[in-house]
2 protein chains.
Amino acid sequence: MGNMDYNFLFDPSILADLDYSSWKSSFRPGVSPHTPGHGLKVRPLCATDYDKGFLGVLAQLTKVGTVTREQFMARFNAMKDDKSYYVCVIEDLNKREVIGAATLVIEQKFIHSCGMRARVEDVVVNDTYRGKQLGKILTVVLIMLSKHLGCYKISLECSDQKLPFYQQVGFKQDGTNYMVQRWET
Amino acid sequence: MGNMDYNFLFDPSILADLDYSSWKSSFRPGVSPHTPGHGLKVRPLCATDYDKGFLGVLAQLTKVGTVTREQFMARFNAMKDDKSYYVCVIEDLNKREVIGAATLVIEQKFIHSCGMRARVEDVVVNDTYRGKQLGKILTVVLIMLSKHLGCYKISLECSDQKLPFYQQVGFKQDGTNYMVQRWET
């Protein structure tokens with residue numbers, strides 16, 4: 001089946017056309033976002049990923065809760081219409097299973113000449129696939145995607161433990177603090 | 001002129017209906033988001049705010065750059081269509097001038113049962129109007145708006161200097177770090 005047969009969240013040619021040559025030395029020989037490993041492929045989220053374990057991978061990151069197929073499709077379609085959500089996944093093609101995911105969200109601004117900023121959200125790799133640079137691959141995809149889209153900055157929030165991981169792909173702490181309040185029980 | 005005559009970014013009745021009774025003790029007597037001060041009014045951003053100094057207020061916060069009326073309207077309309085942007089302003093009705101602004105941005109998620117999170121962005125008060133609890137009023141408006149919209153959390157990024165300000169309205173640091181990379185020259 002060609003790409004035409006799939007309901008992608010965003011145009012897969014955007015990912016296919018990204019140039020990662022400047023990142024070559026930061027990956028193991030032969031590895032890049034275009035060649036993430038044997039039988040693995042980086043692509044936009046698809047509607048069919050509901051049946052390929054997408055929510056199960058997210059559940060390794062945080063609370064997902066009950067999400068029916070109808071709820072998933074409603075959110076998928078809302079994100080697709082919005083055009084600000086770039087959910088990227090890694091599929092193990094042999095298992096037909098989503099084994100990693102990461103989201104780039106674009107925020108429109110009036111500041112910075114009506115600019116756009118990007119955020120890295122919900123990066124996760126199935127724990128049986130750790131140690132293969134897949135988290136790094138997903139993060140580099142989002143960085144290059146945000147540059148391609150013309151954002152003036154990209155940011156993220158992470159635990160102390162993840163600081164070195166994000167530092168190695170160019171993120172810095174700049175003295176800005178993250179603060180939150182939650183209402184969910 | 002009634003509300004019908006204005007092109008609001010979002011329905012002003014949403015703000016008008018918010019209940020701030022639980023915040024009463026945190027404002028000076030008589031002050032609340034519904035009564036922010038003599039001649040002042042909290043409302044959604046309007047298309048006409050391009051001529052009321054909205055961008056000038058933002059310029060007290062960060063780089064705005066050149067924004068033509070056409071660029072402003074294109075971004076205003078894109079945000080209005082998107083329905084995820086709640087830019088609130090305070091107008092000095094006597095001067096017909098925007099003297100404060102703050103934005104709530106909603107992000108749709110698959111996690112948390114296809115939940116939504118909210119972010120506080122670009123909070124600023126004209127420096128000649130400081131010391132009137134207007135920044136606090138804008139922040140409380142965004143907090144109550146995010147609860148009204150059903151978000152499971154609200155977050156923000158701020159400097160060390162602003163930590164006490166946001167702590168007093170319920171924000172906490174939770175050990176999460178903020179990281180960024182910028183491309184703008």
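Just so it is clear, none of the values below were taken in a lab; they were calculated from the coordinates. Treat the numbers as computed from the prediction; the structure is a model and nothing was measured. Heads up, the Cβs are rebuilt from the backbone with ideal geometry, glycines too, and the neighbour counts pull from every protein chain shown.
Put in line by how crowded their Cβ is, counting other Cβ atoms within 10 Å and starting with the fewest, A:PHE54, A:PHE165 read A:PHE165, A:PHE54. Averaged over the residues of peptide A:100-112, the number of Cβ atoms from other protein chains lying within 10 Å of each residue's Cβ is 6.
With label points defined 7 Å past Cα in the direction of Cβ, position B:GLY170 shows copy-to-copy spacings of 3.8 nm, given to one decimal and shortest first. Residues whose amide H lies under 5 Å from that of A:GLU97, counting only those 5 or more places away or on a different chain, are A:ASP92; hydrogens are built 1.01 Å from N in the peptide plane.
Straight-line reach from B:LYS83: taking Cα to Cα under 20 Å and skipping same-chain neighbours fewer than 8 places apart, the lysines in range are A:LYS80, A:LYS83, A:LYS109, B:LYS109, B:LYS147, B:LYS153.
Couplings for the range A:155-170, taken from phi via the Karplus curve 6.51 cos²θ - 1.76 cosθ + 1.60 with θ = phi - 60°, read 9, 7, 10, 8, 6, 3, 4, 8, 3, x, 4, 6, 4, 5, 10, x Hz in order; Gly and Pro are left as x. Loop-located trypsin sites (Lys or Arg not before Pro) across the range A:98-185 with a Cβ neighbour count of 16 or fewer within 10 Å are A:ARG130, with loop assigned by DSSP.
Looking down the axis that turns chain A into chain B, the chain A residue with its beta carbon nearest that axis, and the gap rounded to whole angstrom, comes out as A:TYR178, 2. Remark: the range B:113-119, residue by residue, has Karplus-estimated 3J(HN,Hα) of 6, 6, x, 10, 10, 10, 10 Hz, where x stands for each Gly or Pro and the curve is 6.51 cos²θ - 1.76 cosθ + 1.60 at θ = phi - 60°.
Once you order the gyration tensor axes a ≥ b ≥ c over the Cα atoms, which shape class does the range A:1-101 get: rounded for a/c under 1.5, otherwise prolate or oblate by comparing a/b with b/c? Because a/c hits 1.5 or more and a/b exceeds b/c, the range A:1-101 counts as prolate. Annotation for the range B:32-96: trypsin sites (Lys or Arg not before Pro) lying in DSSP loop with at most 13 further Cβ atoms inside 10 Å of their Cβ are B:LYS63, B:LYS83, B:LYS95, B:ARG96. For the protein assembly as shown, a crude dipole built from +1 on the beta carbon of Lys and Arg and -1 on the beta carbon of Asp and Glu, taken about the Cα centre, is about 660 debye to the nearest 20. In the protein assembly as shown, the calculated helix contribution to ellipticity at 222 nm averages -7000 deg cm²/dmol per residue, counting -39,500 (n - 2.57) for every DSSP H run with n ≥ 4.
With its label point defined 7 Å out from Cα along the Cα-to-Cβ axis, A:MET73 lies at 4.0 nm from the matching points of the other copies, in increasing order. In summary, the aspartates and glutamates within cross-link reach of A:LYS52, defined as a Cα separation below 14 angstrom excluding same-chain residues under 8 places away, comprise A:GLU91, A:ASP92, A:GLU97. 3J(HN,Hα) couplings calculated from phi for the range A:54-71 with the Karplus curve 6.51 cos²θ - 1.76 cosθ + 1.60 (θ = phi - 60°) are, in sequence order, 4, 5, x, 5, 4, 5, 6, 9, 7, 5, 9, x, 7, 9, 6, 4, 5, 5 Hz; Gly and Pro show x. What separates the A:ASP19 label point from its copies, with the point 7 Å along Cα to Cβ, is 5.8 nm, written shortest first.
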